Amino acid sequence: MPFAHPTTCRIRAVIVDDELPARKLLALRLAAHPEVELVGEARNLQESIALCKDTLPELIFLDIHLRGEIGFDLLPHLVGSPRVIFATAFDHYAIRAVRVNALDYLLKPIHPRQLAEALARVTQLLPATPATPATPALLNDDDLVALQENSGMRMEPLSSVVLLQSESNYTRIYLSNGSSSFVRKSMVEWENTLPAQHFFRLSRSLMIRVVSIRSIQKVSPMLQLLVVNGIKKPLEIGRTAASRLRQRLSSLP
């Protein structure tokens with residue numbers, strides 16, 4: 001539940017972390033900084049999306065691991081241009097944090113001196129004028145996507161993704177090595193963040209990496225088979241989808 005909105009010109013901040021002790025520790029650390037007003041806390045993506053829409057924070061402390069979810073997935077939902085400071089227990093995630101233009105990253109447990117230095121940078125960089133709505137940032141092929149597995153979560157480069165198949169509010173991601181995993185993200189969200197020069201939406205439920213297509217085989221006037229690298233079984237597509245795909249392929253350099 002969000003806190004009351006501040007009445008002074010302090011930096012509005014929220015904490016997104018699935019661990020209560022971590023949220024309490026960071027809140028305690030922030031209490032030593034009167035320039036920051038903590039306006040809310042969230043435990044997961046669903047709560048954090050609602051919280052950020054309600055409070056319009058200027059600063060977000062964002063945990064990277066959120067119990068089967070990934071903190072990076074909050075970014076396309078943000079309104080305005082809030083500054084993001086990632087919190088992580090793993091140093092190698094700092095690379096990804098830099099790629100998505102995070103202001104900073106803090107290693108857990110967060111040290112008071114590191115927090116003070118990060119807040120000093122926030123003070124210098126926050127705009128004096130109100131923020132305007134932000135558009136989702138497009139991913140690059142060397143960016144990482146988080147894939148859920150029974151043993152936990154792993155990160156894979158976007159360049160290894162060959163096919164996306166919608167299953168309700170989830171998407172099954174197929175990789176060039178033949179493996180697949182679920183991601184809690186809708187097809188619309190993927191379409192807004194994937195580079196259009198690499199991916200083509202075949203239908204409401206399918207999106208494909210164009211260069212991964214090996215062949216399109218006509219079975220009947222209404223049915224064609226799409227052979228894709230890394231996918232053992234050919235995909236069945238209709239005549240309209242096949243025609244649109246052939247047009248897309250003909251435009252490749």
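The values are calculated or read from the model by the stated rules, or taken from the named source; none is laboratory data. Values in this document were obtained by computation on a predicted structure and should not be read as measured data. Positions of Cβ are generated from backbone atoms using ideal geometry, with glycine treated the same way; all protein chains shown enter the neighbour counts.
Given the residues 188, 162, 219, which is the only one that is β-branched (Val, Ile, Thr) and crowded, with 18+ Cβ neighbours inside 10 Å?
On the way: 188 fails: crowded, with 18+ Cβ neighbours inside 10 Å; 219 fails: crowded, with 18+ Cβ neighbours inside 10 Å.
Only one candidate passes the filter, namely 162.
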Can you tell me which residues in the stretch 12-25 are buried (at least 21 other Cβ atoms within 10 Å of the Cβ) and either over 19 Å from residue 83 (Cβ atoms) or in contact (Cβ under 8 Å) with a residue 60 or more places away in the chain (or both)? 17
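Restricting attention to the stretch 26-55, which residues are in contact (Cβ under 8 Å) with a residue 60 or more places away in the chain and farther than 22 Å from residue 155 by Cα?
Filtering the stretch 26-55 for residues in contact (Cβ under 8 Å) with a residue 60 or more places away in the chain gives 26, 29-30, 32-33, 35-36, 45.
If the condition is that a residue be in contact (Cβ under 8 Å) with a residue 60 or more places away in the chain and farther than 22 Å from residue 155 by Cα, then 26, 29, 30, 32, 33, 35, 36 are the ones that fit.
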Tally time: how many residues in the stretch 68-89 are among the charged types (D, E, K, R) and at pLDDT 85 or above? 1
Output the number of the condition that residue 115 fails; it satisfies all remaining conditions of (1) assigned to a loop (DSSP other than H, G, I, E, B); (2) at pLDDT 80 or above; (3) more than 26 Å from residue 197 (Cα to Cα). (1)
Using beta carbons and a limit of 8 Å, which pairs, at least six apart or on different chains, have the first residue in the stretch 206-231 and in contact (Cβ under 8 Å) with a residue 60 or more places away in the chain and the second one part of a loop (DSSP other than H, G, I, E, B)? 228/234; 229/176; 230/176; 230/177; 230/178; 231/178
